[in-house]
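Trainee: My structure is below; once you've seen it, I'll send some questions.
The values are calculated or read from the model by the stated rules, or taken from the named source; none is laboratory data. Since this is a predicted model, take the numbers as computed values, not measurements. Cβ coordinates were reconstructed from backbone atoms using ideal geometry, including for glycine residues, and neighbour counts include every protein chain displayed.
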Amino acid sequence: MIEFFEVHKAYPVGTEQITALQPCNLQIPSGQIFGLIGHSGAGKSTLLRLINRLEEPSSGRIEVAGQDITALDAAGLRAFRRQVGMIFQHFNLLSSRTVAQNVAMPLQLAGELSRAAIKDKVQQLLLRVGLQDHADKYPAQLSGGQKQRVGIARALSTDPRILLCDEATSALDPQTTGQVLQLLSEINRELGLTLVLITHEMDVIRRICDQVAVMDAGVIVEQGPVPQVFLHPQHATTRRFVQEAEQLDENQLHQDFAQVQGRILRLTFQGETTYQPLLGRVVRETGVDFTLLAGRIDRIRDLPYGQLTVAFDGAELDLALQRLQAADVHVEVLR
Ligand SMILES: Nc1ncnc2c1ncn2[C@@H]1O[C@H](COP(=O)(O)OP(=O)(O)OP(=O)(O)O)[C@@H](O)[C@H]1O
């Protein structure tokens, strides 16, 4: 568990203090993928870099696995940082070193393993990230996705318990993003690592995170399990991120509302109900008519979901809503 207790961070700029993180309490459970989303300047990087003390808090306490990391001396901090790997948007590889040499570097710095043991370990790490055939290439000879795989192998070299991912897929195209997210998801599952990742795309959160915190101007404005936050966003900032991800044009949708009669509903199906013919059954049994205004069926990590905006019309409207709710469909009345 990573825990923040009233952690506050301000940067001195000239004679002023710029607050990047308002006093913040946060719990990140072990073994989860925890996403931090927010617009530029919201304070995401600051929060992430406080976890391995690349930034020092101005006040407050941070505990990792029950240990107060804000109280560590230099030797304690060095030992702690080996438990925390980090990957970066622009990969931060050394261009003059080969793939294998980049991955070996943290192990050489730690000075605990023999040359032969380091070579073995680097081979295993390259196999894990699918780069076993690229060990002797230089970063300039690799694609963006391959460079990030080197970054991931290097971050895993000290067997960390936590992996911090700072916009790890922001420089990659959509297909490569998918492959890197898949790799991070496998690492989380197979090695049991806690991942904390920063993104400004709700789609990244939807695909791999268990929990999400939404940041705005140094404040966590909404937080919770991804299905809850993604399907029922409460804060205006969260709603904007979700609309972007769903490519929903709210203004267009409201113009569409004016064209239809009856009650307008947002129906949310989760898990098994996504694949059941519930809507058809309820419409048949109650005789209501419906018009489909918007909809999407997709997955939140492994959880299938469907969200439909529909207009229902007819005498048995209330009965239809009751039947849907009884079948575990979340019904939100929009008009
Ligand atoms: N070293 C610094 N000195 C002064 N101000 C800083 C420093 N680092 C960050 N800030 C300020 O703190 C605030 C939060 O910055 P931070 O980088 O944490 O946001 P972010 O959400 O990660 O943004 P981005 O997505 O653009 O990286 C911003 O107003 C930023 O200008």
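Trainee: Look through the stretch 282-326, keep the residues that are under 30 Å from the mean Cα position of the chain (by Cα) and small (G, A, S), and return whichever of them is farthest from R207 (Cα to Cα).
Mentor: Residue satisfying both the conditions and the ranking: A294.
Trainee: Go through G151, G178 for me and flag whichever is assigned to a helix (DSSP H, G or I), under 30 Å from E244 (Cα atoms) and modelled with pLDDT of 95 or more.
Mentor: G151
Trainee: Which condition number in (1) at pLDDT below 90; (2) buried (at least 19 other Cβ atoms within 10 Å of the Cβ) is the one that L253 fails?
Mentor: Against the list (1) at pLDDT below 90; (2) buried (at least 19 other Cβ atoms within 10 Å of the Cβ), L253 comes up short only on (2).
Trainee: With respect to F88, determine if the residue is out of contact with any Cys (no Cβ under 7 Å at 6 or more places or on another chain), more than 15 Å from the ligand (Cβ to nearest atom), in contact (Cβ under 8 Å) with a residue 24 or more places away in the chain and among the aromatic types (F, W, Y).
Mentor: When the stated conditions are applied, F88 does not pass them.
Trainee: Confirm whether Q108 is out of contact with any strand residue (DSSP E or B) (no Cβ under 8 Å at 6 or more places or on another chain), within 24 Å of T176 (Cβ to Cβ) and in a helix (DSSP H, G or I).
Mentor: When the stated conditions are applied, Q108 does not pass them.
Trainee: Return the residue satisfying two criteria in turn: it lies in the stretch 190-237 and is part of a helix (DSSP H, G or I) and within 15 Å of the ligand (Cβ to nearest atom), and of such residues it is surrounded by the fewest Cβ atoms within 10 Å (Cβ to Cβ).
Mentor: Taking the candidates together, the pick is T237.
Trainee: Any residue at all in the stretch 69-82 that's more than 30 Å from G144 (Cβ to Cβ), surrounded by fewer than 21 Cβ atoms within 10 Å (Cβ to Cβ) and within 16 Å of the ligand (Cβ to nearest atom)?
Mentor: Scanning the stretch 69-82 turns up no residue that is more than 30 Å from G144 (Cβ to Cβ), surrounded by fewer than 21 Cβ atoms within 10 Å (Cβ to Cβ) and within 16 Å of the ligand (Cβ to nearest atom).
Trainee: Quick one: in the stretch 250-282, of everything that is in contact with a helix residue (DSSP H, G or I) (Cβ under 7 Å, 6 or more places away or on another chain) and in a helix (DSSP H, G or I), which residue is farthest from V226 (Cα to Cα)?
Mentor: It comes out as V282.
Trainee: Shifting gears a bit: I want to confirm something. Restricting to the stretch 31-66 and keeping residues that are of a type in the set (S, T, N, Q) and under 19 Å from I187 (Cβ atoms), which single residue is modelled with the lowest pLDDT?
Mentor: The extreme case among them is N52.
Trainee: Identify all residues within the stretch 291-307 that are farther than 20 Å from L248 by Cα and surrounded by 13 or more Cβ atoms within 10 Å (Cβ to Cβ); write none if there are none.
Mentor: R301, L303
Trainee: Restricting attention to the stretch 190-201, does a residue exist that is touching a Lys or Arg at 6+ places or on another chain (Cβ under 8 Å) and among the acidic types (D, E)?
Mentor: No, the conditions are met nowhere in the stretch 190-201.
Trainee: Taking P277 as meeting all but one of (1) outside the structural domain of I18 (by TED's automatic domain parsing); (2) under 30 Å from V7 (Cβ atoms), write down the number of the exception.
Mentor: (2)
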